[in-house]
Amino acid sequence: MSSAPEPPTLKKESPKEKDFPNPGLRGVRTTTLFRAVNPELFIKPDMEAKTKTEMFRNMSDEMKRENMAAEQRMVHRIQRIMMECHREKMEAVEKAREEERQIAQDLLEAQRSKAMEELVSTGASIIKDQRMNFNQIIREKEHEMNIYYGIAQKQKQEEAQEVLQEAEKTHQATLGNVMDKLVNTQGELLSTVNQLGIMTNWKDFLEEELQETRAAFQKYIDYTFPQLSPGQADFIMPERRKTPSNLLMDNEATLE
C-alpha cells in the first residue's frame with residue numbers, strides 16, 4: 001500500500017504587518033496558493049475505490065440474474081422432456097394394444113373361413129361314412145382356433161412388452177441426460193458462489209484500503225493546516241456518505 005505523500009517543505013518567514021494589511025485574509029491566500037501549486041492533493045481519494053466497488057456490485061447482480069434465468073430455463077426444459085416422454089409412452093402402449101386386437105381379429109376371421117372351407121370340402125365324406133360327429137368337428141376346430149388365438153395373443157403381448165421396455169430405456173436415457181445437466185448446473189452455481197466470495201473479499205480489501213487512505217490524508221491535513229478547526233477541512237476531504245438504505249436491504253437479503 002502506498003504511503004501518504006510527504007508534505008512539501010515550505011520555508012516559513014515571519015510576515016510583516018505591512019505585507020498583510022488585513023490579517024484575516026492571510027489563511028485564505030495561503031490555501032489558494034497551496035491549491036494552485038498542488039492541485040492533485042485536493043482530488044477526492046475515495047473516488048477510485050467507489051468506482052471499483054460499484055463495478056463489482058454490478059457484476060455480482062448481473063451474475064445472479066443470469067444464474068436465476070438459467071435455472072428457470074433448465075426447470076422448464078426438464079418439465080417439457082418429462083411430459084413428452086410420458087406422452088410417447090402412452091401412445092406406444094395404445095398403438096400396441098390396437099395392433100394386437102386387430103391381428104387377433106384378423107386371425108380369428110381367417111381361421112373361421114378356413115374351417116368353413118374345410119367343412120364344406122369334407123362335408124360329403126362326413127355324411128357318407130357317418131363316422132365322425134359334426135359337433136365333435138366343430139369343437140375340435142374351435143379348440144384349434146383357440147390355440148391359434150392364444151399363440152397370437154402371446155406373441156403380441158411379447159411384442160408390446162418389448163415396445164414398453166424400449167420406451168422405458170429411452171425414458172431412462174433421457175432422464176440420465178437431464179440429471180447430468182442438473183449436476184453441471186449445480187457445478188456452475190458452486191462456481192458462482194465462489195466468485196461471489198472472491199468479490200466480497202475484494203470489497204472488504206478495498207474498504208480497508210480506503211479507510212487507511214483517508215486516515216493518512218487526514219494526518220496530512222492536520223500536519224499541513226494545524227490552524228484549521230474541526231469541520232473547516234471538509235472542503236478538502238468531506239465526510240463519507242452513509243450507505244443507502246436500499247443497499248443495506250439488499251445485503252440483508254443476500255445474507256439470509
*Got a sec? Charge dipole of region 45-225, +1 on Cβ for Lys and Arg, -1 for Asp and Glu; which of 175, 199, 85 is way out at the positive end?*
85
*Using θ = phi - 60° and the Karplus relation 6.51 cos²θ - 1.76 cosθ + 1.60, list the HN-Hα couplings for region 138-146 in order, rounded to whole Hz, with x at every Gly or Pro.*
4, 5, 5, 5, 5, 4, 5, 5, 5
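What is the order of 235, 225, 217, fewest Cβ neighbours within 10 Å to most?
Least to most surrounded, the residues fall as 235, 225, 217.
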*Global geometry of region 45-225, whether rounded, prolate or oblate, following the gyration tensor of its Cα atoms and the 1.5 cut on a/c*: prolate
*So what is the relative contact order of region 45-225, in percent, for Cα pairs below 8 Å that sit 6 or more residues apart?*
49 percent
*Would you please give the FRET efficiency between residue 143 and residue 77, computed as 1/(1 + (r/R0)^6) with r the Cβ-Cβ distance and R0 = 45 Å, to the nearest 0.05?*
0.20
*Check region 45-225 and count each lysine pair with an alpha-carbon distance under 26 angstrom, considering only pairs eight or more places apart or from different chains.*
26
_Rounded FRET efficiency, nearest 0.05, which uses the C-beta distance separating residue 154 from residue 180 and R0 of 45 Å_ = 0.70
*Taking other Cβ within 10 Å of each residue's Cβ, how do 164, 210 sort, fewest first?*
164, 210
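Please arrange 93, 193 by counting, for each residue, the other beta carbons lying within 10 Å of its beta carbon, fewest first.
193, 93
Read the figures in this text as sums done on the coordinates, not as results from a lab. What you see is a predicted model, and the numbers here were worked out from it, not measured in a lab. Because the Cβ atoms are built from the backbone with ideal geometry, glycine has one as well, and the counts that use them run over all protein chains shown.
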